[in-house]
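All remarks here apply to the structure that follows.
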Amino acid sequence: MAASDRSLTAEIFVPPKPTLTKLRVAAAGCTACPLHRTGTQTVFGAGARNAPIMLVGEQPGDQEDRAGEPFVGPAGRLLDKALLAAGIDRAQTYVTNVVKHFKWEPRGKRRIHSKPNVSEIRACRPWLDHEIALVRPQVLVCLGATAAQALLGKAFRVTQSRGRLVSSPLAPHALATVHPSSLLRAPDDETRRRELARFIDDLRVAALAIAEPTVSLH
Ligand code: URA
Ligand code: SF4
């Protein structure tokens with residue numbers, strides 16, 4: 001790959017004075033990395049414009065790629081259920097991904113998720129940075145290692161630090177937890193139940209972080 005290709009990022013597609021709507025429209029035409037060729041469409045973030053909670057996943061999955069909306073497939077349904085259990089209304093959130101195109105490999109007739117690499121993550125980063133700058137969430141929740149390492153640092157270990165508020169220049173509060181799709185891969189019901197409970201506990205930490213200012217009013 002030529003040096004000029006490595007330095008290409010989505011920033012060149014970012015419109016002047018961006019709004020979320022302008023960004024979404026511009027991102028639909030992004031060709032900053034090779035993933036635009038394999039994905040059906042750009043899956044931009046979605047949700048409340050001033051959401052107190054922003055949830056960041058890795059990349060859209062098969063169903064998101066077809067629908068053009070983040071977290072609408074099996075992992076999204078599990079996320080909705082966990083948010084509800086944690087006392088978070090999905091309407092109060094903004095949901096997005098580190099990478100906006102679905103990366104996949106064929107397996108028979110199915111399209112299997114394939115991990116985005118560092119140059120794809122880097123190329124796509126401007127979209128996420130502009131989303132964060134416009135939504136200005138009170139708490140940034142990283143779902144899984146890809147989001148956690150992209151946003152909280154390469155040395156971040158979800159297994160060690162999940163569910164803990166950490167400092168970040170990106171938002172007043174940040175924390176990481178597992179990706180909901182990891183719960184779908186649990187080997188048995190008992191593990192799945194236990195892991196779902198831990199996931200909900202981690203999301204409760206985010207709910208409490210945004211509840212803090214109102215507590216001081218009493
Ligand atoms: N997994 C993600 O990380 N994001 C989605 O939007 C769907 C599944
Ligand atoms: Fe652009 Fe991101 Fe899609 Fe790559 S994955 S083409 S950087 S929107």
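A short reminder: the numbers here are calculations on the coordinates, not readings from a lab. Note that this is a predicted model, so its numbers are computed, not measured. Reconstructed Cβ throughout: ideal geometry from the backbone, glycine too, with neighbour counts over all protein chains shown.
General remarks:
- Counting charges near Val72 (Lys, Arg +1; Asp, Glu -1) among other residues having Cβ under 13 Å from its Cβ returns a value of -2.
- Summed side-chain charge close to Val178 - residues other than Val178 whose Cβ falls under 9 Å, Lys, Arg +1, Asp, Glu -1: 0
- Since only Ala32, Gly144, His179 are under comparison, the one whose Cα sits farthest along the positive direction of the charge dipole of region 3-211, derived from C-beta charges on Lys, Arg, Asp and Glu, is Ala32.
- Counting Lys and Arg as +1 and Asp and Glu as -1 over every other residue whose Cβ lies under 12 Å from the Cβ of Asp188, the net charge comes to +1.
- Mean separation of Cα contacts under 8 Å, 6 or more apart, over the residue count of region 1-117: relative contact order %: 27
- Remark: the Asp188-Arg37 segment gains 50.7 nm on full extension, using 0.36 nm per residue and subtracting the alpha carbon distance.
- Working note: 222 nm ellipticity from helices only, DSSP H runs with n ≥ 4, each -39,500 (n - 2.57), summed and divided by the residues of the chain, gives -12500 deg cm²/dmol to the nearest 500.
- Ranked by the mean number of other Cβ atoms within 10 Å per residue, highest first, peptides 26-36, 136-146 order as 136-146, 26-36.
- When the listed pairs Lys81/Lys103; Lys109/Lys154; Lys22/Lys100 are checked against a 24 Å cut-off, the alpha-carbon distance exceeds it for Lys81/Lys103; Lys109/Lys154.
- Histogrammed with a bin width of 10 Å, the alpha carbon distances of region 88-176 distribute as 15, 44, 31, 9, 1 percent, first bin at zero.
- The alpha carbon convex hull volume per residue for region 3-211 rounds to 123 Å³.
- Whole-Å distance, taken between Cα centres, linking region 85-128 and region 156-189: 15
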